[in-house]
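The values are calculated or read from the model by the stated rules, or taken from the named source; none is laboratory data. Computed from a predicted structure; not experimentally measured. Note: ideal-geometry Cβ built from the backbone for every residue, glycine included; neighbour counts use all protein chains shown.
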Amino acid sequence: MTLNTLRTVLFLVFSTVITTVGFASEDNKDQEKEGFNAKEMIMHHVKDAHEFHVFDWNEKPVTIALPIILYTDNGLTVFMSSEFHHDDSGHHIVKKDGQKFVKFHEKIYQLNADANEVAFDDEHHPTNASMPLDFSITRNVFMMWVSVLVLLSIFILSARRYKKTEDNVPTGIAGFIEPLIVFVRDDIAKPMIGDHKYKKYMPFLLTIFFFIWVNNIFGLIPILNGANVSGNIAFTLTLAVFTFIVVNVSGNKNYWKHIFWMPGVPIPMKIFLMPIEIVGMFVKPISLMIRLFANITAGHIIILALMSLIFIFETIAVAPVSVAFSLFIGLIEIVVTAIQAYIFTVLSALYIGMATEEAHH
């Protein structure tokens, strides 16, 4: 059984348990208010946020505030997330420049001018507030910047190491980075794209490989408390769009001919295959987007679900099993961080190779 298969089975099992318990708690209003809501806790940790929750001290959260940048009818409004006083229920109102803002489920709303509190409909959606354009520095955005700085530091230091050595023998950090670069070149770029065309795509392939890998590693660090960049669909969508652009800009005459007028088949079949190939152009990046997002998110949900079992069954007897399985899944996740970066990179290289392949006669 492969790692991904094992993770998928565990994800399905524990998501079923958590969902069942979550629905049961929704039927019991007292339990929903006072008891442990596993589904709410898991979703709170998986999704993005406007601050870093470090720990609780005397039943009060200790957080690292991040800047909130909103664009409204009055222009830009900037303040720190700490002004919401850790309130995510929409009750605490922040007044700035004659405007009133509330935070509800990690979304910031602007109250109507005559409103002093948030009103909700039957589905608990705000009815007297609108959502301004949110350019805030969330924890995922902040960690992406950190990963960029880390990668720049690593590669600048590695380049300096080569300048200091006359025989080009890598030392220090360069000795760790060079095998990885050679691996991407010899085991991904050359086989998928070809010996004559791979060089101009190496910067792109190296960037997505290291960028995804580093952000996946950051997502496993407990102190970052859910800065799960690769588990954000917007992040994986952006990477997939870049791959889509590179593939189709690089596509040669043979590539477009196979899409719009498949050679070597009867004309009725050409007409039949053309819409399928056009759809396939968009299915490829969508598969990249969903694969990375789903695999990284599933790993985090499994670990949180395992730990939630202690509070769901309300017994310490479950703790050894939950902790043991959580450590086991955590070890798997360390491997998966590199595997998912590899898969995204190798499939991107494969699609580029298909788009640049010359016609065979």
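Summary table below
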read-out	value
Any hit, the range 92-113, residues being over 21 Å from the mean Cα position of the chain (by Cα), closer than 26 Å to I233 by Cβ, among the charged types (D, E, K, R) and buried (at least 16 other Cβ atoms within 10 Å of the Cβ)	yes
Unmet criterion (only one of (1) modelled with pLDDT of 90 or more; (2) touching a helix residue (DSSP H, G or I) at 6+ places or on another chain (Cβ under 7 Å); (3) part of a loop (DSSP other than H, G, I, E, B)) for T171	(1)
Positions within the range 157-182 being within 32 Å of the chain's Cα centre (by Cα) and surrounded by fewer than 11 Cβ atoms within 10 Å (Cβ to Cβ), in sequence order	P179, V182
The lone exception for R161 - which of (1) in contact with a Gly (Cβ under 6 Å, 6 or more places away or on another chain); (2) touching a residue at least 40 places away in the same chain (Cβ under 8 Å); (3) not small (G, A, S) it fails	(2)
Count of residues meeting criterion [outside any loop (DSSP other than H, G, I, E, B) and surrounded by 12 or more Cβ atoms within 10 Å (Cβ to Cβ)] in the range 53-75	13
Of the criteria (1) within 22 Å of H53 (Cβ to Cβ); (2) among the charged types (D, E, K, R); (3) at pLDDT 85 or above, which one K100 fails	(1)
Residue in the range 137-156 that is within 19 Å of the chain's Cα centre (by Cα) and not in a helix (DSSP H, G or I) present	yes
Count of residues meeting criterion [free of Cβ contacts under 8 Å to residues at least 40 places away in the same chain, in a helix (DSSP H, G or I) and either among the β-branched types (V, I, T) or farther than 23 Å from A159 by Cβ (or both)] in the range 192-211	1
Residue in the range 88-109 that is in contact (Cβ under 8 Å) with a residue 24 or more places away in the chain, outside the structural domain of G219 (by TED's automatic domain parsing) and of a type in the set (G, A, S) present	yes
Wholly within the range 212-317, helices (runs of 4 or more DSSP H) carrying at least 3 residues that are in the same structural domain as Y201 (by TED's automatic domain parsing), touching a residue at least 24 places away in the same chain (Cβ under 8 Å) and among the aromatic types (F, W, Y)	233-250, 267-313
Entirely in the range 86-128, the strands (runs of 3 or more DSSP E) that have 1 or more residues that are in contact with a His (Cβ under 8 Å, 6 or more places away or on another chain)	99-104, 107-111
Condition check for I181: part of a helix (DSSP H, G or I), under 30 Å from Y342 (Cα atoms) and not charged (D, E, K, R)	yes
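Yes or no, residue by residue, for (1) among the aliphatic types (A, V, I, L, M); (2) more than 29 Å from G280 (Cα to Cα):
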site	(1), (2)
I181	yes, yes
D186	no, no
L205	yes, no
I208	yes, no
W213	no, no
N216	no, no
G219	no, yes
A227	yes, yes
T236	no, no
